[in-house]
Amino acid sequence: MGKKFKFFCIFFSCLFLIFGFSNLNALAENRDFLNLKLEFLDEYELTDNNYQDTVIGGFSGITYNSEKDIYYVISDDRANLSPARFYTLKIEIENNKIDKVNIKNVTFLKDTNGVNYSKNTSDTEAITFSPKNSLFITSEGVYKTKKSPFINEYSLDGKLINSVKIPDRYIPREDEKKGVENNLGFESLTIKANGTMPQDPFRLFTVTESALVQDVNLNNPETILRSRLMHYVINPIGEPVLIGEHLYIVNNPELGVLYNGVSELLALPKEGYLLSLERTFGLRGYGAKIFQLVMGNASDISNQKTLGGDINNITPIRKKLVLDLQKLGIKLDNLEGITFGPRLTDGSQSLIIISDNNFAKEGKQKNQFLLFKLT
C-alpha cells in the first residue's frame, strides 16, 4: 500500500506541474461531456416555390417521425402569405447524400375557435413530434397585434389539443418592462422521451433566442446573452409542469457579427444532454455553431426576477462546441431547424439542419438542407 500511495502522489504531482490546477479542472469537467463528432455529408436546395396554393419557405423548425420516415417542417410567415402551416416532407437519403426532398402535404393550424389563424396572430418557429403522435409548436408572439408567445400541442391534422402554460415573466406587457424581446422568443423546442408507451411522461425543453427584457442591463452589453431555458414534464393526466429553469449563455459574438441567438435545441439520447444551434448574421453573412449542453448541476433560476446583475452565484448550463459550420467551406443560409433522421447505412445517426429563407426574392436566400453524420 505504501509503494502504491507513493506512486500516486508522484503521479498527481507531475500532473499538477505539467498541466496546472486550472487545466486539471478543465479535464475533469470535460469528462462530463459526451465524445461527439459531426461529419458533414451533403447540401441540398429545395427549389420549389409553391405547393397547393401555399408559398414554400420560412422553414424555421423540423422534426422527424421515425415510424413513418417523414418530417414535419414549420413555416413562420405569420399567416401573411399563406395560412399558418406545417409541411410534411419525405427526404430521400442515398449513399450518404440527400437524393430528393419531396413535399407530401401541407397542414393548416387551427386556433382556439377551430379556424385558421388570422394574419399576424402567430409567429410559429419551432416544432417537435411527441410520443402522443402529436406536434408541439411554439410561437414567438407578434408585437404588431399584441399577441403573446405560446407553446401549443396540435394533432397531426392541425387541430389545437392543449396549451403549455408559460410563466408570466415571459409575457410582454405594455405597462411593464418584461417578457420576451420582439422576435427573440421561443425559436426552439425539443422533446426527450424515455417511455415505451404513448401515455408515458416525457420532457419538453425550450430556450429564449436572447435575453428577456428584464434580464438586460443597458450598462452591461453581455447581459443580452443571458437566455432562459425551460424544462417541462408532460404527463398523461393534468397540465404540463415546469420543473426547471436554467441560465443559458449565448456565445459571445465574433468581430463583424451583428446578431446572434439560439435558434434550436435537440435532445440527445442520453439523459441530461442536448444540442443547441446558435445562428449568427453579420458582415460575413450567416454563420452557425452546434454546441453540446450538459444540464446537470445547472442552477434553477425560476425565482430570479432579473439576470441583469451579478450572476456569480448562478451555475449556467455548460456548453461545448461540437462544430462551427462556417468552417465547412459552403455558403450558409439562415439555419434555424435541426433534427435527427434515420440511421445511415453504416448504422450511425443522421442529423439534418434546415434554413429559413425569410421568403426572400429568388437568388437572395434559399431553402437549404444540410446532412450530417453524428458519431
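Just one residue in the set Ile103, Ile56 is at pLDDT 95 or above, in contact with a Phe, Trp or Tyr (Cβ under 6 Å, 6 or more places away or on another chain) and either under 17 Å from Asn357 (Cα atoms) or exposed (fewer than 12 other Cβ atoms within 10 Å of the Cβ) (or both); that residue is Ile103. Of all residues in region 199-221, which are part of a helix (DSSP H, G or I) and modelled with pLDDT under 95? The one that is part of a helix (DSSP H, G or I) and modelled with pLDDT under 95: Pro221.
List the strands (runs of 3 or more DSSP E) inside region 257-375, counting only whole elements, that have at least 3 residues being modelled with pLDDT under 95.
Once the strands (runs of 3 or more DSSP E) in region 257-375 are filtered for at least 3 residues that are modelled with pLDDT under 95, what remains is 257-267.
Filtering region 135-155 to residues that are modelled with pLDDT of 95 or more and β-branched (Val, Ile, Thr) leaves Ile137, Thr138, Ile151. Based on this model, can you work out whether Glu271 counts as among the acidic types (Asp, Glu) and touching a residue at least 60 places away in the same chain (Cβ under 8 Å)? Here the answer is yes, as Glu271 does meet what is asked.
Based on what the data block shows, is Asn260 of a type outside the set (A, V, I, L, M, F, W, C), over 30 Å from Asp111 (Cβ atoms), in contact (Cβ under 8 Å) with a residue 12 or more places away in the chain and surrounded by 19 or more Cβ atoms within 10 Å (Cβ to Cβ)?
Values: of a type outside the set (A, V, I, L, M, F, W, C): yes; over 30 Å from Asp111 (Cβ atoms): yes; in contact (Cβ under 8 Å) with a residue 12 or more places away in the chain: yes; surrounded by 19 or more Cβ atoms within 10 Å (Cβ to Cβ): yes.
When the stated conditions are applied, Asn260 passes them.
Close Cβ contacts (under 6 Å, 6 or more residues apart or on different chains) running from residues in region 332-351 that are closer than 16 Å to Glu39 by Cβ to residues that are among the aliphatic types (A, V, I, L, M) and in a strand (DSSP E or B) comprise Ile338/Leu266; Ile338/Leu277; Ile338/Ile353; Phe340/Leu351; Gly341/Ile352; Gln349/Leu374; Leu351/Leu374.
The values are calculated or read from the model by the stated rules, or taken from the named source; none is laboratory data. What you see is a predicted model; the values in this text were computed from it and never measured. Ideal geometry is used to build each Cβ from the backbone, glycine not excepted, and the neighbour counts take in all protein chains shown.
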